[in-house]
Structure formats: C-alpha cells, structure tokens
1. Which residues, counting only those in segment 54-89, are touching a residue at least 60 places away in the same chain (Cβ under 8 Å), over 15 Å from Val110 (Cα atoms) and in a loop (DSSP other than H, G, I, E, B)?
2. Could you run through segment 222-241 and say how many residues are farther than 22 Å from Pro18 by Cβ and either in the same structural domain as Gly266 (by TED's automatic domain parsing) or buried (at least 21 other Cβ atoms within 10 Å of the Cβ) (or both)?
3. Within segment 182-208, take every residue that is of a type in the set (A, V, I, L, M) and touching a residue at least 60 places away in the same chain (Cβ under 8 Å) and give me the one that is surrounded by the most Cβ atoms within 10 Å (Cβ to Cβ).
4. Would you mention how many residues in segment 292-312 are among the polar types (S, T, N, Q) and farther than 17 Å from Trp195 by Cβ?
5. Please verify whether Ile283 is in the same structural domain as Gly362 (by TED's automatic domain parsing) and either small (Gly, Ala, Ser) or under 20 Å from the mean Cα position of the chain (by Cα) (or both), treating the condition exactly as stated.
6. Which one of these does Gly134 not meet: (1) of a type in the set (Gly, Ala, Ser); (2) crowded, with 16+ Cβ neighbours inside 10 Å; (3) in contact with a Lys or Arg (Cβ under 7 Å, 6 or more places away or on another chain)?
7. Residues being under 17 Å from Thr250 (Cα atoms), surrounded by 24 or more Cβ atoms within 10 Å (Cβ to Cβ) and under 22 Å from the mean Cα position of the chain (by Cα): count how many of those fall in segment 385-419.
8. Enumerate the strands (runs of 3 or more DSSP E) found wholly within segment 227-302, keeping only those where 1 or more residues are closer than 30 Å to Gly74 by Cβ.
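The values are calculated or read from the model by the stated rules, or taken from the named source; none is laboratory data. If you're wondering where the values come from, they're calculated on a predicted model, not measured in any experiment. Cβ: placed from backbone, ideal geometry, glycine included. Neighbour counts: every protein chain shown.
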Amino acid sequence: MKSLVIKKSTLSGKTTIPSSKSHTLRSLVFALMAKGTSHITNPLHSPDTFSMIRAIESLGAKVEKKQTSLQVTGTAGIISSSSTIIDAGNSGQVLRFIGALAPLIDTYTVITGDHSIRESRPVKPLIDGLLQLGAFATSTRLNDKAPIILRGPLKPGVATIEGDDSQPVSALLIAASFVKGKTELYVTNPGEKPWIDLTLHWMDKLGIRYFHKNYEHYILQGNACYDGFEVSIPGDFSSAAYPIVAALVTNSELTLENIDMNDVQGDKKLVDVFLQMGAKIEIDNTKKTLTVKKGPPLQGIKIDVNDFIDAITILATLGCYASGVTEIVNGSIARKKESDRIQCIALELKKMGADIEERPDGLIIKRSPLRGAYLKSHKDHRIAMSVAIAALGAIGDTIIEDIECVSKTYQNFAKDFQKIGCHIEEITTNQTATDGK
C-alpha cells in the first residue's frame with residue numbers, strides 16, 4: 001500500500017495541469033459511435049480512461065494507443081454485442097454512459113465495477129429512463145446499484161428521470177441521439193448543470209440535433225450520424241484547483257500552465273470563487289496560464305457548490321485557512337460519489353484540528369490552525385488530494401494512507417508537487433488487510 005508523507009511547504013515555479021478526465025471519457029464515447037477514425041491527442045492517462053477504452057472495445061471500437069494520443073475507429077453508430085462482462089472499474093461515467101448505450105442492441109450486457117461502484121454509485125435514474133424507453137434494465141441485486149443487466153432495443157419515446165446527478169442525464173442524451181426516432185426526456189431537480197453543458201458541447205461539436213429548455217426538457221431527433229473527429233484534450237479545471245489552493249494556503253506564488261479559460265468546463269467557475277475570497281490571480285489567455293500571487297489572508301464566504309461539485313473537498317480545505325466562516329451549500333450529491341465526500345472530508349480535517357461542521361447538503365468551516373495527522377484517503381482521489389493540500393500548511397508531519405486512487409485524475413501528483421517545492425514523499429507501507437486474497 002502506498003502512502004504520502006507531507007510537511008509544511010512553500011511553493012514556487014510552474015506546473016502543468018493534467019488533461020480533463022470528463023473531456024477524455026466523452027471523446028472516447030463519441031469516437032465509439034463515429035463513422036471512421038477519430039484522433040484524440042493529450043488524453044488523460046488514468047484508470048478511468050483505460051476502463052472506458054476496454055468498454056468501447058468490447059462494443060466494437062478499435063483503439064490504437066500511442067504515447068500522447070489515441071486513435072479510435074468507430075462503429076458508425078452500430079455497436080456490437082459484448083462477449084464479456086464490462087468492468088467500469090471506479091468510473092461512474094463508464095457505468096452510466098456505457099450502460100445507456102448498451103441497450104441500443106437487442107442482446108444482454110452486464111456491467112459491474114469496483115466496490116465503490118457496486119455499493120455507493122446508484123443507477124436508479126438510468127434504469128428508470130431505460131425502462132421507460134422500452135429497454136430491459138435491472139440491477140442484479142435489485143438495489144439500484146451495479147452489477148446491472150441491460151438489453152435493448154432502446155426505442156424512441158418519452159421518459160422522466162431524477163436529475164440531481166448529471167451522469168444519467170448525459171448518458172440518456174447520448175444514447176437517445178442514436179435511437180431511430182424522436183425521444184423526449186424530462187428531468188426533475190436538474191443539478192450539476194455545467195456537466196450537462198459539457199455533454200451538449202460535444203453534441204454541438206458533432207452536429208447532433210437536440211432541443212432543451214432549462215435543463216428540464218430535452219428533445220432528441222435521433223438517427224445521429226457523424227464522421228470521425230480530431231480533438232486535443234484541454235487541462236482539467238477540477239485538477240487545477242489543487243495547486244491553486246496549495247499556493248493560497250501556503251501564501252506562495254505559482255503559475256499553472258495548460259489553463260484554457262475559454263473551455264466549457266464548469267469548474268472554471270472556481271476561479272471566481274477564489275477571487276471572491278480575496279485571492280490574487282492573474283490569467284494570461286494567450287499563454288493559457290494562471291498565476292497565483294501572494295496576498296493577504298482569504299475571507300470565508302457562502303459557496304453554492306453544485307456547479308462544481310467535485311471541488312467540495314478542496315474548498316473545505318481552503319475554508320480552514322480563510323478568515324471567518326466558509327459555508328458550502330447545495331452539495332448533497334457529493335455523498336454519492338467515490339465516497340461520501342461530505343462526511344469523509346469532515347472526518348479527516350477534524351483529525352487535523354479543523355473546526356468543521358457537517359450539514360446534510362454541505363459543510364460549515366471556520367478558520368482553524370491545522371496540525372499534522374495520520375489520515376485515510378477513503379479510496380477517493382479527491383479526499384486524498386484535498387487533505388494533502390491541507391497538510392502543506394499544517395504544523396508537523398502528515399501521513400495519508402492508501403493513495404493509489406490519486407492516479408484516477410492526477411497520475412504524477414507527488415512528483416509534480418515535489419518539483420514546485422513541496423515536501424511530499426510517496427512511500428510503500430506494509431498492507432494490513434488481505435483484500436480478499
């Protein structure tokens with residue numbers, strides 16, 4: 001088992017942000033359905049990416065992996081029956097997106113995943129939508145979680161689903177685009193809207209016809225057909241939050257490269273949040289850089305986190321270093337991610353001395369002097385990285401165990417942070433559990 005040992009640090013220099021996971025996975029899904037070959041440069045190298053590659057290969061795509069690119073020969077919208085169980089790994093996007101596409105054919109498909117996918121990632125909205133559109137869909141344990149069994153054909157029609165989690169909505173929008181006929185999708189309680197925008201951005205890019213109103217009503221014309229495409233994956237704003245906050249909590253100057261403020265990713269709104277808290281940030285759109293400058297202590301504010309829900313854990317870290325009170329609201333869906341992120345980040349920061357209160361939909365954090373502690377990742381990359389950043393400003397050593405999960409979005413996290421001055425070391429420790437072996 002790998003752990004991180006972290007000491008109080010001061011940062012300087014430049015660092016390059018990893019590519020976007022959400023763009024990478026969507027590019028692979030749309031490449032699967034394309035006619036001809038798609039070229040994807042600068043994809044994120046991640047276990048989720050590899051799970052998606054295996055999934056689209058099982059449905060008929062041919063993928064050639066190169067050092068800095070992927071070449072995908074698609075199926076022209078006619079996928080093949082999978083001869084094996086599809087393993088989503090730790091990826092909710094693989095589970096939901098492939099789960100929606102599989103019923104385009106009239107054979108059975110089984111999709112499973114790791115412990116988090118099987119126990120913490122509900123698929124009821126997806127199953128509900130598929131059933132209303134004529135497909136067979138069920139969970140093997142009848143608990144609305146993976147493993148799931150699916151069979152088509154998916155038919156044009158009308159469906160209504162719960163929308164607090166954006167992934168089932170995106171999944172059905174993509175799948176309905178390839179049904180032979182018009183489909184209407186109604187969404188109650190739509191949330192995580194920027195991630196829907198990301199899916200719609202891809203549909204616009206490829207000329208897929210649709211209509212939508214207020215994220216509550218969609219009309220898909222169906223019969224989508226498009227040629228292979230070329231795309232270069234931009235930097236990931238979710239990942240950018242970690243070095244930005246690292247610079248803020250250590251009052252350091254740091255420049256981030258591979259930052260495209262014109263990209264559609266919703267997490268770029270985080271920059272506005274940091275500015276509202278008093279951060280000094282300079283953006284160069286020509287060079288695609290963002291520079292954090294030294295400045296006075298930040299001020300806590302009230303943050304509606306739903307538009308950038310993946311940032312709830314790193315914002316909790318930042319709240320510990322901001323004067324006054326930071327209140328994070330409208331984040332209840334964070335309880336259904338790789339871990340219960342509200343509960344887990346509160347638990348770990350409290351070990352460091354944080355004055356943090358858990359609420360049903362968020363957190364209340366007061367400025368707190370943090371100290372080093374022995375922490376757990378909860379096998380969640382965002383928990384692991386958020387407490388690692390917290391440790392950079394804490395007194396004493398911090399050890400974070402079980403940090404392999406960080407490779408999900410930030411493969412070279414420790415090495416990249418070492419290069420900008422962080423006292424962070426990756427070590428291997430004896431594993432106390434057998435993990436079933």
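1. Correct list: Gly74, Ala76, Gly77.
2. 1
3. As a first pass, look at segment 182-208 and keep what is of a type in the set (A, V, I, L, M): 185, 187, 196, 198, 200, 203, 206, 208.
Applying the additional criterion that residues be touching a residue at least 60 places away in the same chain (Cβ under 8 Å) yields 198, 206.
On the way: Leu198: 20, Leu206: 16.
Result: Leu198.
4. Summing the residues that are among the polar types (S, T, N, Q) and farther than 17 Å from Trp195 by Cβ in segment 292-312 gives 1.
5. no
6. (2)
7. Counting residues in segment 385-419 that are under 17 Å from Thr250 (Cα atoms), surrounded by 24 or more Cβ atoms within 10 Å (Cβ to Cβ) and under 22 Å from the mean Cα position of the chain (by Cα) gives 7.
8. Filter on segment 227-302 gives 230-232.
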